[in-house]
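See below for the structure under consideration.
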Amino acid sequence: MILRSFNIPASQLGTGASTLYTVPTGFRSTPKQLSATNTTPTARTITLYLVPSGGAASATNTLVSAMTIPPSGIGQISLAHLIGNQVLEAGATIQALASAAAALSVMGGGIEETV
C-alpha cells in the first residue's frame, strides 16, 4: 500500500457546483481539510458535496449546506471531523459552489492510498 497526500489547489468558486478534486483510478482517499476565503466585503455561503463516482451534486450527497463565510474572512471546514473515517473510492469527487461567483477561494487536501 502506498500513502500520499493530495492537495486541492486554490480556486475561486462559481454559483454552480464545480469539481475541486477527483479520486484517481487505483486509489481511494480520505479528505481532511478545506479552507474557504471570502474575498468580498459581504458575507457569502459555501455548499460542499461528496459525490460518488458517476453521480452528480445533489441534496443526497451534500456535506455542508450554505455555510456562511464572514466578509473578508476565512472558514475552515474539517472534513475529517464531518465525515469521520469515510473513504472516497476512485472516481468520486469533492464539489462546491458559492452564493456569489468569484467571491470565495477554496483550497484543501487529504490522504490517498492505493487499492
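Points to keep in mind about this one:
- Cut-off under 5 Å, modelled amide H: who pairs with ALA92 long-range: VAL23, SER53
- Were the residues from ILE83 through ALA100 laid out at 0.36 nm apart, the gain over their Cα-Cα distance would be 3.5 nm.
- VAL115 accessible area, 1.4 Å probe, all protein chains in place, Å² to nearest 10: 120
- Label zone at ALA43 (point 7 Å along Cα-to-Cβ), backbone N below 11 Å, segment 69-84: 69-71
- Separation of the THR22 and SER5 label points, Cα + 7 Å toward Cβ, nm: 2.4
- The residues MET1, MET107, MET67, sorted by heavy-atom accessible surface at 1.4 Å with ligands and nucleic acids left out, run MET1, MET107, MET67 from largest to smallest.
- Only one of (i) 144; (ii) 122; (iii) 84 was calculated from the structure for volume of the Cα convex hull per residue in Å³, and its label is (iii).
- Cut-off 16 Å, label 7 Å out along Cα→Cβ of GLU113, residues of segment 1-26 by amide N: 1-6, 24, 26
- Probe 1.4 Å, accessible area per residue of the chain, Å²: 49
- The portion of the accessible surface of segment 26-108 made up by carbon and sulfur, rounded to a whole percent, is 55 (1.4 Å probe; DNA, RNA and ligands excluded).
- The calculated 222 nm mean residue ellipticity attributable to helices in the chain amounts to -1000 deg cm²/dmol, summing -39500 (n - 2.57) over DSSP H runs of n ≥ 4 and dividing by all residues.
The values are calculated or read from the model by the stated rules, or taken from the named source; none is laboratory data. Here the structure is a predicted model, which means the values were calculated and not measured. Virtual Cβ from ideal backbone geometry, glycine too; neighbours counted across all protein chains shown. We work out accessible area using only protein heavy atoms, side chains counted, and drop any ligands, DNA or RNA first. Shrake-Rupley method; radii C 1.70, N 1.55, O 1.52, S 1.80 Å.
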